[in-house]
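Rule-based calculations on the coordinates, nothing more; no lab input. Just so we're clear, the structure is a prediction, and the values are computed from it rather than from any experiment. Quick reminder, even Gly has a Cβ in these numbers, built from the backbone with ideal geometry, and neighbours come from all protein chains shown.
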Amino acid sequence: MIKTTAMILAGGINLDFSVLTHNRVKSAMPVCGQFRIIDFILTNLSNTGIQNVGVLIQYLPGSLIDHVGVGKPWDMDSSNRHIKLMPPFMGMGKTKWFRGSGDAIYQNLTFVRDTKAEHVLILTADHLYGMNYSQMIEQHNQTNADLTILTTNYPKGYSPRLFGFAQYGEDNLVTHFEEKPAEAISDTISTGVYLIKANVLIEMLEQLHKEEEINHNLPKCVIEPLVKAGNSYGHRFEGEWEYLSDMQDYIRYHRRLIRGESCVDPGQLNILTNLQDRALGSRPSPFFGNNSHVEDSLISPGCVIHGSVVRSVLSPGIHVAAGAKITDSILFHDCQIQENAQLTWVVSDKDCIFESNCQIGNREDAGGDFEKEKITVIGKEAHIAQGLHVPTGCVVPIDKKVDQRWIAGQTEKTTTPA
Amino acid sequence: MAQVVAMILAGGQGSRLSILSEQRAKPAVPFGSNYRIIDFAMTNVMRADIRHMGIMTQYRPFSLNDHIGMGEAWGFSGRNHMAKVLPPYIGGKNSDWYLGTADAIHQNMWFADLFNAEMVLILSGDHIYSMNYSEIFKFHLQNDADVTMMTQQVPWEEAGRFGVIKYDKKGRIEAFIEKPKGEPPSNQINLGIYVFRASALKRLLLEDAEDPNSSHDFGGNIFPKMIKTMRCYAQEFPQYWRDVGTLQSFWEANMECVNPQSGLDLNKWKVFTNSLNSPAEFCRPTHITGSGRVQNSIVGKGSKIQGQVINSVLFGGVQVDKGAIVRDSVLMDGVHVGQGAQVTRMISDKWVHIGANSIIGSDETDNPVNEQFPDYLNTGLTLAGKRSHFPDNIKVGSNCLIYPKVSVQQQSRSTIPHGTTLSGNDNG
């Protein structure tokens with residue numbers, strides 16, 4: 001197998017998920033109850049048999065570091081397989097916080113050299129899909145390409161400014177590439193996965209850094225020039241590919257999951273996750289009480305349900321007391337929902353306490369289609385006191401002890417979470 | 001704190017569990033939707049911060065060895081923590097298949113000696129309970145005991161089935177009688193949990209090994225010898241404890257997982273298990289969908305429920321199709337209950353297929369007992385072995401035993417009468 005070293009870009013700041021990414025990087029976000037977004041890429045790399053993986057981290061990496069560890073869940077803790085978390089670092093030279101994706105790679109070219117890579121597989125951390133990259137690597141080798149871009153179809157309804165667009169010529173040659181254009185130049189986008197010859201990448205980045213003005217963005221400083229140079233190919237990914245650009249995408253994705261609609265399903269793809277995370281693997285199976293009512297929902301281990309859960313996704317360890325009603329919601333780990341509390345169209349981070357009889361969101365909104373105006377977002381470790389009504393559209397900050405005064409302080413305008 | 005080494009006896013077959021323990025040792029039998037029986041003892045050892053543990057295996061140990069691994073799941077990793085599986089071995093002067101509980105320990109005292117342990121904690125791998133062993137060590141040391149054993153009260157009429165221990169208010173043992181006939185001296189029974197002074201244990205085992213008339217059993221041989229001359233103490237353990245040695249007690253204990261009053265509280269006990277061998281396809285949330293309704297049950301990860309599940313324990317990856325009703329049952333990994341099927345009081349091993357509109361088991365408890373194994377299967381349960389297959393529309397009575405991999409053919413009969421056993425050869 002051609003020696004390919006992978007580098008995952010997981011350092012970027014992202015504030016499109018409201019308080020859910022105020023304390024963690026996007027790729028560490030819980031998804032489908034008991035997974036994290038980065039699990040997809042890590043599982044793919046494990047299945048491909050990549051022996052060296054570097055994970056570039058910067059923005060709020062704590063959860064990610066805990067989750068990835070030494071890569072054990074993805075078979076990477078071994079004498080000949082390694083996963084390395086790579087934060088920015090001080091050196092004697094001018095090393096700095098990563099100034100962009102290209103800069104992050106440049107500052108870690110030692111990793112590329114040390115692993116004796118012939119090719120570098122650069123991946124974005126936070127896309128959801130299942131894939132074995134072997135065929136792409138095979139094609140890259142056969143064509144003797146300097147660069148192979150993994151492409152997919154441009155998904156409907158997204159702004160072109162979110163993607164890089166590729167144009168195919170003959171025989172998988174990519175003739176044109178433009179990053180985040182004002183308008184779509186084709187029906188084909190980059191998945192953010194780039195396979196580049198190691199010596200080409202090294203030479204290019206080193207040459208670049210001799211210049212005065214550098215664009216530190218990888219697609220701009222490396223991909224676009226390589227495509228112009230004429231030896232860049234594309235490999236088409238035909239499977240389901242999910243891009244969660246914001247909170248709304250996140251919610252819509254989970255609604256498709258619970259309806260069993262076509263989407264990227266981590267269960268079906270056998271996505272591997274860290275089972276030591278809050279003792280996921282040892283938690284007892286979810287318990288459904290005598291008077292519980294659960295409909296069209298995904299319930300993770302450690303949950304104890306005595307109340308009602310409808311069209312919702314529950315992460316591990318959620319306790320739903322008798323009389324409580326959870327509808328159209330997504331709740332992260334170890335929240336407590338006490339007697340008769342009602343949560344409607346709520347997205348809640350971990351460890352929140354909803355005391356008895358509190359009401360989050362608007363009961364009348366239950367059911368029906370998703371509309372962003374219906375959503376209320378609760379930050380990690382928030383505590384909602386007894387009997388309080390948190391109006392639809394509020395965003396409860398991390399750690400907040402919500403009382404009547406705080407609610408009164410929220411203005412009439414609905415703070416859209418996304 | 002004095003050194004303790006834990007030794008877990010996990011070599012038994014548990015023959016009364018029938019096909020559940022035929023291809024795997026009893027401690028490896030799946031339990032409570034997410035665990036194996038040995039997880040309870042292993043977790044208790046972990047909680048007491050005991051760093052060295054030997055697990056004596058013998059009967060069909062593959063599942064067990066695979067499950068234990070190096071003990072990592074229970075924190076036994078690195079230089080200072082060690083969990084070792086100890087099988088019987090050829091080569092030692094007295095080595096042989098284990099002749100009894102005392103012999104198993106005797107043949108592995110070399111392991112306990114490695115750590116210069118002052119105390120040896122001897123446990124069975126077969127029991128369901130959550131116990132703080134640290135409290136017992138304190139009691140043992142305070143009394144300068146040679147042995148401390150744990151007991152539990154049972155109804156007087158039951159006591160005769162067990163090893164019975166009589167002890168005074170201070171815990172000093174006055175009598176130990178294995179399965180007493182007539183009026184038992186006490187209704188405190190032996191739980192099979194012993195803390196020994198290491199030097200005393202060693203001496204007793206050596207003496208016992210020399211005795212050709214001994215059956216090398218703690219209850220039958222070692223304790224009766226010790227009571228008169230050594231410092232033997234006992235302590236009561238009033239909380240939930242079960243030896244799931246029979247099909248009925250196995251079923252009852254699983255049912256107690258879904259009874260909040262039973263004292264068996266999986267959420268409170270926080271039992272650790274090795275989840276790494278669990279199939280990857282199970283590792284996803286439980287999906288209740290369509291007309292799925294679940295009442296008073298636990299349903300394992302990766303399961304998909306579109307029918308009714310009442311008062312049952314479902315393990316990982318169980319599929320209950322639309323219109324099916326599962327009641328009072330224990331269904332292990334990967335079981336598929338087809339549309340409209342009715343399953344009652346069933347214990348099913350892994351990967352069993354139950355055809356659409358079939359009727360398995362019943363809630364009557366007084367039907368004819370199993371003809372071939374009347375002592376094992378006689379309380380109205382129906383038992384299906386791993387990978388057995390039930391076609392659509394079949395009706396299977398109570399106390400039936402279907403062997404692993406058996407495909408129940410419909411052919412001449414669409415009803416399998418109460419008490420039938422279907423093994424590989426006679427079928428349909």
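Distant-in-sequence amide contacts of A:His235, defined by a placed amide H-H separation under 5 Å and a gap of 5 or more residues or a different chain, comprise A:Ile149, A:Leu150, A:Thr151. So which of A:Lys3/B:Lys301; A:Lys350/B:Lys138; B:Lys270/B:Lys304; A:Lys84/B:Lys350 end up more than 27 Å apart by C-alpha? Distance filter (> 27 Å) returns A:Lys3/B:Lys301; A:Lys350/B:Lys138; A:Lys84/B:Lys350.
In plain terms, the residue of A:Met76, B:Met70, B:Met119 with the fewest other Cβ atoms within 10 Å comes first and the most crowded comes last, giving B:Met70, A:Met76, B:Met119.
Could you work out how much longer the chain between B:Phe115 and B:Asn65 gets when fully extended? Use 0.36 nm per residue separation minus the Cα distance between them, nm to one decimal. Write down the numbers at each step before the final one.
On the way: separation 50, 0.36 × 50 = 18.00 nm, distance 2.24 nm.
Between B:Phe115 and B:Asn65, full extension yields 15.8 nm more.
Computed from backbone phi, the HN-Hα couplings of the stretch B:304-311 come to 10, 10, 10, x, 9, 10, 10, 6 Hz, rounded to whole numbers (Karplus: 6.51 cos²θ - 1.76 cosθ + 1.60, θ = phi - 60°; Gly and Pro given as x). Just to confirm the number: angle between the C-alpha axis of helix A:247-259 and the first principal axis of chain A, 0 to 90 degrees, nearest 10? Compared with the principal axis, the helix lies near 70 degrees. Each residue of the stretch A:177-188 was assigned a 3J(HN,Hα) from its phi angle through the Karplus expression (A = 6.51, B = -1.76, C = 1.60, θ = phi - 60°), giving 9, 9, 8, 6, x, 5, 10, 5, 9, 6, 9, 10 Hz with x at Gly and Pro. Computed from the Cβ-Cβ distance with R0 of 41 Å, the FRET efficiency linking A:Lys210 to A:Glu261 stands at 0.20. Note on B:Trp97 and A:Asn153: with the Förster distance fixed at 51 Å, the Cβ-Cβ geometry gives a FRET efficiency of about 0.20.
Angle of helix A:39-48 to the longest C-alpha principal axis of chain A, folded into 0 to 90 degrees and rounded to 10: 40°.
Straight-line reach from B:Lys166: which aspartates and glutamates fall under 13 Å, measuring Cα to Cα and dropping same-chain residues less than 8 apart? Partners found: B:Glu174, B:Glu178, B:Glu183, B:Glu236.
In this simple spin-label approximation, B:Ile90 and B:Met230 carry label points 7 Å from Cα along the Cα→Cβ vector, and these lie 3.3 nm apart. Computed over neighbours whose Cβ is under 15 Å from that of A:Ala198, the net charge equals -1, Lys and Arg +1, Asp and Glu -1. Applied to the stretch A:261-272, the Karplus parametrisation 6.51 cos²θ - 1.76 cosθ + 1.60 on θ = phi - 60° returns per-residue 3J(HN,Hα) values of 7, 4, 5, 7, 9, x, x, 5, 8, 6, 5, 8 Hz, with x for Gly and Pro. Counting only DSSP beta bridges whose two residues both lie in chain B, roughly 25 percent are antiparallel.
Taking other C-beta atoms within 10 Å as the exposure proxy, A:Arg36, B:Arg161 rank B:Arg161, A:Arg36 from fewest upward.
With both partners inside the protein assembly as shown, how many of the DSSP beta bridges are antiparallel, as a percent to the nearest 5?
Working: 50 of 169 bridges.
Bridges in the protein assembly as shown are about 30 percent antiparallel.
Taking a straight line from the alpha carbon of B:Lys181, these aspartates and glutamates sit under 13 Å away, with near neighbours fewer than eight places off in the same chain left out: B:Glu157, B:Glu158.
Mean-square fluctuations from a GNM of chain B, with a 10 angstrom spring cutoff on Cα atoms, peak among B:Ala48, B:Ala25, B:Ala384 at B:Ala48. Residues whose amide H lies under 5 Å from that of B:Gly192, counting only those 5 or more places away or on a different chain, are B:Met150; hydrogens are built 1.01 Å from N in the peptide plane.
For chain A, what is the calculated [θ] at 222 nm in deg cm²/dmol (nearest 500), taking -39500 (n - 2.57) for each run of four or more DSSP H residues and dividing by its residue count?
So the helix-based figure for chain A works out to -5000 deg cm²/dmol.
Please report the antiparallel percentage of DSSP beta bridges with both residues in the stretch A:1-160, rounded to the nearest 5. Taking every DSSP beta bridge within the stretch A:1-160, about 10 percent pair in antiparallel fashion. Spatially, the stretch A:319-349 and the stretch B:297-320 are offset by 22 Å when compared through their Cα centroids.
Selection among A:Thr4, A:Gln336, A:Ile105 by position relative to the dipole of the protein assembly as shown gives A:Gln336 as farthest towards the positive end (Cβ unit charges, Cα centre). Which of B:Ser278, B:Ser423 has the fewest other C-beta atoms within 10 Å, and how do the rest follow up to the most? Ranking B:Ser278, B:Ser423 by Cβ neighbours within 10 Å, fewest first, gives B:Ser423, B:Ser278.
Taking Cα atoms only, the orientation of helix A:134-143 departs from the longest principal axis of chain A by about 20 degrees.
Shown is the FRET efficiency for B:Leu141 and A:Lys3, computed with R0 = 60 Å from the Cβ-Cβ distance and rounded to the nearest 0.05: 0.55.
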